[in-house]
Structures are given as C-alpha cells and as structure tokens.
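Visitor: Pasting a structure here, questions to come.
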Amino acid sequence: MNEYTINILSRIGGREENQDAYGCCETEHGLLVVVCDGMGGAKGGSTASNLAVETIMEGVSSASPSDAGEILLEAITMANSVVYQTGCDNPELQGMGTTVVALLISEDSAVAAHVGDSRIYQVRGSKKIFRTFDHSMVFELVRRGRISEEQARLSAESNVILRALGTKPEVDVEINRGIHYLKGDRFLLCSDGVWGAAQEKDILQLVAYDKSVDKTVENIMETIDNIGIEKGGRHDNLTAGLIETGINSKIQADMNKKSKIIIGVLSILLLISICLNIWGFIFH
Amino acid sequence: MQRINLVSNKGEKFSYYHCDEFRIGSGAMGEVFKGWYTDNPEQKVAIKKVYNRHAENPQIRNRARHEASLFIYHPNLIKMLGYCEFDRSRGPVYIISELVRGETINKSVRDADPAARANMVSGMMYSVLDALQCLHTQNPPVWHRDLKPSNIMVENGRVVKVMDLGIATSDGISLGTLEGRGFGTYPYAPPEQITGQRSLINATSDLYSAGVTFYELLTGVNPFDGGSDVDIMEKQITMPLPYNRSIPKPLFRVLLKATAKKQTDRYQTAADFKAAIMKAVNKGNGGLSVNLTVLYCVVGALALLLLLIIVLIIIR
C-alpha cells in the first residue's frame, strides 16, 4: 500500500530478553500495526506478547467486512482468551500477560485500540494531534488532575498498569474510532520503553526527525537506547512503529467550536458591512 | 522438608528449612524464614529469601547486598548479619539478620487501655524516631523509605526494632510492567514518593511515614487508607491529616506538622519530631502551659489581694 510508509524496530535495551513483540500486515479492512509489551517471568512475557500479536493479526485478516472498531475489538478479545488459556494450561506461563496497542488505518480513517500503557501518538509536524491515554495507576492521577504527566512518567509506580491482556478471562479494550488524518501525518506506536525514557516534547521532536520514516525510526531507537545506556544500561525493551500517511483520510474533522465562532463573527461583520454599503449607495 | 545451607559474605554458616513451618513472614520482595547458625543451632536468625522473580533483577540484587551490608548498630534497628548468593548475577539471594521475637507494633498496642494509649504509643515512637535519627545521620544517610507498622517489631512488649531497611521499596528499580498493585505501601507514602520526585526523598519523607504510623497506632485506623490504590495516592497528595478525637489536640498538631504535604513544612529531623511529641505529651498529661501558669499566678495574686483588703476592712 503506497498510501502509507511504515517501519517498525525493536531493541532489547538493557534486559536479558525482549518481551516486546510487533506485527504489521495489509488486510482488506486497512493496514494493521500492532505493538505488545509482555509481562511475566521466565518465558511468560515474550510468549504473551508474541501470541497476542499473532492472534490479533489473524483475527483482523480473517474478519468479515464490518465496523473497523468492532473488528479490532473482536480480534483483541480473542487474543485475550488465547493468552489467558495458554497461561492456564502451562504452569510455567501462569500469570503472563501483555499490553497491546493496535492501529487499523484505512482510506476512511484510523482506529486505535489499546490495553495497558503502550501508546499511539498521531503527530502533525511535531505537534501532537492524538494520543492514547494509559491504563495505569499514575495516569489515573493525571486524569484526576492531581499530578502532571511528567510526574507520572517519573513516578516509581509508573510501571503499574490497571488493565492487561491475557491475565484474566475478560479484557476491557479501549477503542478510539474515526481518527481522521492529513497527508504527512505520522502515527507512532510504542512500548513504554520508548515513551518512558524522555519527555513527551522530546518524543514528538524525535517523530519529526527526518523526512524518511526509516531514518526517523532508526534515530528513535538509537536515541532512546543511548538514554538508557547513559543511565546505567538496565533499561526496558523498546519498540517503535512509525506510519506516515500519503493521503488525507476521507473522513475529515468536524469544524471545532472555536473555528465556528470565528467564522460566525466574521460573517456577521461582513453582513453589516454589506448593509452599510447598500445604505450608503441608496441614500447618498 | 528441604534443608538449605548458606555461607554468608562474612564466611558464617547458616541453615534453614524451606517450608511453611519455618516461614515467619512474607513481603513484596521476599519471604522470611526462621534459621540458625549451622554450628550453633540454638542461636536463631531470620533469613529473607528474595522471590525468584525478582532475584534475576541486578538492581534488586544490589539493593539486597546494600541492605545486608548496613552494619549499623542501634538498639532499635534490626541487626544485619550478612547476605548469601551462590552466584553473583543469578540464582537465589538471601539476607540474614537477627531474629526478632515479638509482634508488630500495631498488634502490640491493639489491646492497650485507651487512657494510657497515647503515652504507651509515644514511648514506642521515641524508639522508632531514635532509630530513624541514627539512619539519617549515617554518612551517607540512609532513608528507610518504607516505614509502616508491619516493619516495626516490639520484643517482650517494650523493645522496639525497626526492620526492612530499604529493600522493600521499589523506588529506583525498574521492575518491568506489572498489573494491579505496585510495591509502594501507599497508605504511608509521602507525596514526593508518589509523584516520583526521587531526588526529594530525604529525612522528612521517613518522618511523614512515621507520622502516619503514629496516627494509626493512636486511632487504630490509617487516615489515608480506603478505596482503590489510586484513591489512596490521591489522598496522600491532597488530603490533610483528618482530625480524630482520640488524639489529644497538642499531639494532633504535632502529627499535622509531621505529615504536611510540603516537605519544608515538616519537622526536618527525627530528633525535632521526637522533641515535639515529648512536649505535646507533657501538655496532655496535665503539665501546665506557660500561659496557663501565668493566668493561675495572676488569679492567685488577685485573690490574695482581695483577701488582704477584706482583712483590712474588718480590722478597721
């Protein structure tokens, strides 16, 4: 699909195993990109994340035409059952789970789905247009207006998530439908090993690093990995997927309230001006 | 029943049975077993085994070594005896300490007579604050970071011992993603710990936790507990210590200062906190305040003067 340019990279960071997993495929419902960050000891984390990516890709690829949000929801729910059941059937994998972030992007619009604290950013230039909101304890405090996002990022509890895939028989998936985009917008899918390493403004700068998507992703990996190495080299696995759109989505943004007010006021001024002109023309 | 034999970093030999019968406790980072010196089975010790899932984390291994190397001798601090690991980078990690025979401080004061409770708890808190003062004045200073009733033991109903010097907290350790609960003991955690300002953790952070612990021992309830973890964290950031009428007012004012949200508003040293408690307890025990003493003197003098006038009138 040449409407989209994509590259995904993952590194182990300072850990003994890479528990992040990712996948990407073209489906009849659009381009699907998935990033998962596994959790659980032994082989649990990587098994959960790989199994989830595989199941979600299969689920979306084989789904009948329907609402894109529903397709993603069903695939992720299925992945939850598969990971949970595998954990139950294998004592050494018990309790394994994973975060998931998935983007299904078509000519109409994009749909984002997530569970846990892996993220999707939509960036225009270096400006954030959209971002998923982590299902984590500290982000609940951000939502309540008690701490800043930066405090949340730095908190000792920032690794504690409130939702995960595969740890329980059921999963609560958050779906964001109808995300419209413009040509040149970039979507970043990443694990917390990426966004947790730097301030958000720096992450946005990294997304806008170069015209080439490949070079940009390579630079994200290099920069974030180096931050981890400088801090002692025990840093988390890091995965980043970058998609650049080559078209405008068919669905475009509804005009926002502010724009409507400005246009309304300008229209009234224009109308008054025309009336005054007509009055002047007739009576003078 | 599997007998485990250990040799500590100081070359001493210890043994224990890894089974429920010998397990005396468990926490976020590991389980504690009753053990003994292999050459002297009568001399018992406590052996903490870090959970396998954490033992692979080099930061936790370092933290365990650090905890076990804190050879600080103070009557109110648990005495560390050493640590053991079969391999420097993998496999189990054990921390060996003296065995404290007693009960946790909250159990110890639970049945205390309400009238005598404030005095009894204050007495125990003096020991806790002495232990903190000792830790905080080390070079470099040691911050406990996880002070709570379950980390304070009372032996024979009177000797207080502060335990878990630093490994129980996850602060500064990357544990990877976890679901549900973190390691923080949120009902006792100061705001700066919740908001992740690690560089701000200092003596006042431990004093905040000591203040909350003191409140709980006096009232039987934790002031910030209740609701979800997020609710508790929110209360730690925003909610001042709620008044409880079972705490004498002078003492409550001291606790309010110890648990101020702003670190600079708190007592700056454990010694200051202790001195403030002593003063407040003396007031509560009927010791007269300066103002009250002056008032009594003035009233007494006026009464004497009045009596003198009456006597003079009668004489005339």
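Visitor: Given the criteria outside the structural domain of residue B:130 (by TED's automatic domain parsing) and either open to solvent by 40 Å² or more (accessible area, probe 1.4 Å) or in contact (Cβ under 8 Å) with a residue 60 or more places away in the chain (or both), does residue B:92 qualify?
Guide: Details: outside the structural domain of residue B:130 (by TED's automatic domain parsing): yes; either open to solvent by 40 Å² or more (accessible area, probe 1.4 Å) or in contact (Cβ under 8 Å) with a residue 60 or more places away in the chain (or both): no.
It is false that residue B:92 is outside the structural domain of residue B:130 (by TED's automatic domain parsing) and either open to solvent by 40 Å² or more (accessible area, probe 1.4 Å) or in contact (Cβ under 8 Å) with a residue 60 or more places away in the chain (or both).
Visitor: Across the range A:82-91, what is the total count of residues that are open to solvent by 50 Å² or more (accessible area, probe 1.4 Å) and within 13 Å of chain B (Cβ to nearest Cβ)?
Guide: The number of residues fulfilling the criteria is 1.
Visitor: If you don't mind, there's one more thing I want to ask. Condition test on residue B:47, is it in contact (Cβ under 8 Å) with a residue 12 or more places away in the chain and closer than 29 Å to residue B:158 by Cα?
Guide: On the way: in contact (Cβ under 8 Å) with a residue 12 or more places away in the chain: yes; closer than 29 Å to residue B:158 by Cα: yes.
It is true that residue B:47 is in contact (Cβ under 8 Å) with a residue 12 or more places away in the chain and closer than 29 Å to residue B:158 by Cα.
Visitor: Still on this structure, please answer the following. Go through the range B:1-44 and count every residue that is farther than 27 Å from residue B:185 by Cα, open to solvent by 40 Å² or more (accessible area, probe 1.4 Å) and touching a residue at least 40 places away in the same chain (Cβ under 8 Å).
Guide: Qualifying residue count for the region: 5.
Visitor: Restricting the search to the range B:237-273, which residues are within 14 Å of residue B:224 (Cβ to Cβ) and among the polar types (S, T, N, Q)?
Guide: B:238, B:244, B:259
Visitor: Also: I'd like the residue in the range B:213-250 that is of a type outside the set (Phe, Trp, Tyr) and touching a residue at least 60 places away in the same chain (Cβ under 8 Å) and, out of all such residues, is surrounded by the fewest Cβ atoms within 10 Å (Cβ to Cβ). Spell out how you get there, then give the answer.
Guide: Let us first name the residues in the range B:213-250 that are of a type outside the set (Phe, Trp, Tyr), namely B:213, B:216-223, B:225-242, B:244-250.
Retained after the next criterion (residues that are touching a residue at least 60 places away in the same chain (Cβ under 8 Å)): B:213, B:216-218, B:220, B:246-248.
On the way: B:213: 25, B:216: 22, B:217: 24, B:218: 23, B:220: 14, B:246: 12, B:247: 23, B:248: 17.
The extreme case among them is B:246.
Visitor: Can you go through A:14, A:95 and tell me which one is at positive phi and part of a loop (DSSP other than H, G, I, E, B)? It would help to see each step written out before you state the result.
Guide: On the way: A:14 fails: at positive phi.
None of the others qualify; the one that does is A:95.
Visitor: With the requirement that a residue be open to solvent by 40 Å² or more (accessible area, probe 1.4 Å) and either more than 22 Å from residue A:244 (Cβ to Cβ) or outside any strand (DSSP E or B) (or both), what does the range A:17-33 give you? Can you show your working first?
Guide: Applying the first criterion (open to solvent by 40 Å² or more (accessible area, probe 1.4 Å)) to the range A:17-33 yields A:17-18, A:22, A:24, A:26, A:28.
Scanning the range A:17-33 gives A:17, A:18, A:28.
Visitor: Moving on. Here is a list of conditions, (1) in a strand (DSSP E or B); (2) among the hydrophobic types (A, V, I, L, M, F, W, C); (3) within 13 Å of chain B (Cβ to nearest Cβ), and residue A:102 meets all of them except one; can you say which number that is?
Guide: Among (1) in a strand (DSSP E or B); (2) among the hydrophobic types (A, V, I, L, M, F, W, C); (3) within 13 Å of chain B (Cβ to nearest Cβ), residue A:102 violates only (3).
Visitor: Looking at the structure I just gave you, is residue A:94 open to solvent by 10 Å² or more (accessible area, probe 1.4 Å) and either at pLDDT 95 or above or not assigned by TED's automatic domain parsing to the domain that holds residue A:207 (or both)? Give the derivation first.
Guide: Details: open to solvent by 10 Å² or more (accessible area, probe 1.4 Å): yes; either at pLDDT 95 or above or not assigned by TED's automatic domain parsing to the domain that holds residue A:207 (or both): no.
Answer is no for this residue.
Visitor: State whether the residues of the range B:246-255 include one that is assigned to a helix (DSSP H, G or I) and within 17 Å of residue B:187 (Cβ to Cβ).
Guide: yes
Visitor: If you don't mind, there's one more thing I want to ask. Do any residues in the range B:61-87 that are within 20 Å of residue B:140 (Cβ to Cβ) have Cβ atoms under 6 Å from those of residues that are among the small types (Gly, Ala, Ser) and in a loop (DSSP other than H, G, I, E, B), where the two are at least six apart or on different chains, and which pairs are they?
Guide: Correct list of pairs: B:67/B:166.
Visitor: Starting from residues that are within 25 Å of residue A:97 (Cβ to Cβ) and open to solvent by 60 Å² or more (accessible area, probe 1.4 Å), keep the ones in the range A:141-170 and report whichever is nearest to the other protein chains (Cβ to nearest Cβ).
Guide: Ranking the qualifying residues of the range A:141-170, first place goes to A:154.
Visitor: State all residues of the range A:1-25 that are modelled with pLDDT of 95 or more, over 30 Å from residue B:59 (Cα atoms) and of a type outside the set (Val, Ile, Thr); if no residue qualifies, say none.
Guide: A:4, A:7, A:23, A:24, A:25
Visitor: While we're here: Only one of A:138, A:173 is within 11 Å of chain B (Cβ to nearest Cβ) and under 19 Å from the mean Cα position of the chain (by Cα); which?
Guide: Only one candidate passes the filter, namely A:138.
Visitor: Does residue B:97 count as open to solvent by less than 20 Å² (accessible area, probe 1.4 Å), away from every other protein chain (no Cβ under 14 Å), at pLDDT 90 or above and in a strand (DSSP E or B)?
Guide: Working: open to solvent by less than 20 Å² (accessible area, probe 1.4 Å): yes; away from every other protein chain (no Cβ under 14 Å): yes; at pLDDT 90 or above: yes; in a strand (DSSP E or B): yes.
The answer is yes for residue B:97.
Visitor: Of all residues being small (Gly, Ala, Ser) and not in a strand (DSSP E or B) in the range B:100-128, which is farthest from residue B:253 (Cα to Cα)? Just the residue, please.
Guide: At the first step, the residues of the range B:100-128 found to be small (Gly, Ala, Ser) are B:102, B:108, B:112, B:115-116, B:118, B:122-123, B:127.
Still in the list and also not in a strand (DSSP E or B): B:108, B:112, B:115-116, B:118, B:122-123, B:127.
Numbers: B:108: 25, B:112: 23, B:115: 19, B:116: 19, B:118: 14, B:122: 14, B:123: 18, B:127: 20 Å.
That would be B:108.
Visitor: For the subset of the range B:58-86 comprising residues that are within 14 Å of chain A (Cβ to nearest Cβ) and open to solvent by 40 Å² or more (accessible area, probe 1.4 Å), which member is farthest from residue B:156 (Cα to Cα)?
Guide: In the first step, residues of the range B:58-86 are kept if they are within 14 Å of chain A (Cβ to nearest Cβ); the result is B:58-63.
If we keep only those that are open to solvent by 40 Å² or more (accessible area, probe 1.4 Å) too, we end up with B:58-59, B:62.
Numbers: B:58: 38, B:59: 36, B:62: 34 Å.
Per the criteria, the residue is B:58.
Visitor: Any chance the range A:183-198 includes a residue that's surrounded by fewer than 20 Cβ atoms within 10 Å (Cβ to Cβ), more than 9 Å from chain B (Cβ to nearest Cβ) and not small (Gly, Ala, Ser)? Walk me through how you get there before you give the answer.
Guide: To start, the set of residues in the range A:183-198 that are surrounded by fewer than 20 Cβ atoms within 10 Å (Cβ to Cβ) comprises A:183-184, A:198.
Adding the requirement that they be more than 9 Å from chain B (Cβ to nearest Cβ) leaves A:183-184, A:198.
From what is left, the residues that are not small (Gly, Ala, Ser) are A:183.
Yes, the conditions are met somewhere in the range A:183-198.
Visitor: State all residues of the range B:129-149 that are in a loop (DSSP other than H, G, I, E, B) and touching a residue at least 40 places away in the same chain (Cβ under 8 Å); if no residue qualifies, say none. Quick ask: steps written out before the conclusion?
Guide: Our first condition is that a residue be in a loop (DSSP other than H, G, I, E, B); within the range B:129-149, this holds for B:137-148.
Across the range B:129-149, the qualifying residues are B:138, B:141, B:142, B:143, B:144, B:145, B:146, B:147, B:148.
Visitor: Before we move on, is residue A:14 surrounded by fewer than 24 Cβ atoms within 10 Å (Cβ to Cβ), farther than 30 Å from residue A:219 by Cβ, in contact (Cβ under 8 Å) with a residue 12 or more places away in the chain and within 13 Å of chain B (Cβ to nearest Cβ)?
Guide: Working: surrounded by fewer than 24 Cβ atoms within 10 Å (Cβ to Cβ): yes; farther than 30 Å from residue A:219 by Cβ: no; in contact (Cβ under 8 Å) with a residue 12 or more places away in the chain: yes; within 13 Å of chain B (Cβ to nearest Cβ): yes.
Criteria not met by residue A:14.
Visitor: Any idea how many residues of the range B:47-81 are in contact with a Phe, Trp or Tyr (Cβ under 8 Å, 6 or more places away or on another chain) and polar (S, T, N, Q)?
Guide: Matching residues across the range B:47-81 total 1.
Visitor: Then there is this: Looking only at residues that are buried (at least 19 other Cβ atoms within 10 Å of the Cβ) and part of a loop (DSSP other than H, G, I, E, B) in the range A:107-135, which one is farthest from the other protein chains (Cβ to nearest Cβ)?
Guide: Going through the qualifying residues, I end up with A:132.
Visitor: Might you check whether a residue that is in contact with a helix residue (DSSP H, G or I) (Cβ under 8 Å, 6 or more places away or on another chain), in contact (Cβ under 8 Å) with a residue 24 or more places away in the chain and not in a helix (DSSP H, G or I) occurs anywhere in the range A:80-90?
Guide: no
Visitor: Say we look at the range A:34-75 and pick out the residues that are of a type in the set (Asp, Glu) and surrounded by fewer than 24 Cβ atoms within 10 Å (Cβ to Cβ); which of these is nearest to the other protein chains (Cβ to nearest Cβ)? Show your work before the answer.
Guide: Taking the range A:34-75 as the starting set, the residues that turn out to be of a type in the set (Asp, Glu) are A:37, A:54, A:58, A:67, A:70, A:74.
Now narrow it down to the ones that are surrounded by fewer than 24 Cβ atoms within 10 Å (Cβ to Cβ): A:54, A:58, A:67, A:70, A:74.
Working: A:54: 20, A:58: 24, A:67: 29, A:70: 26, A:74: 23 Å.
Looking at residues that are of a type in the set (Asp, Glu) and surrounded by fewer than 24 Cβ atoms within 10 Å (Cβ to Cβ), I get A:54.
The values are calculated or read from the model by the stated rules, or taken from the named source; none is laboratory data. Fair warning: this is a prediction, and the values are worked out from it, not measured in the lab. When we count neighbours, we look across all protein chains shown, and the Cβ atoms used for this are built from the backbone with ideal geometry, even at glycine. For accessibility, only protein heavy atoms count, side chains too; no ligands or nucleic acids. Shrake-Rupley method; radii C 1.70, N 1.55, O 1.52, S 1.80 Å.
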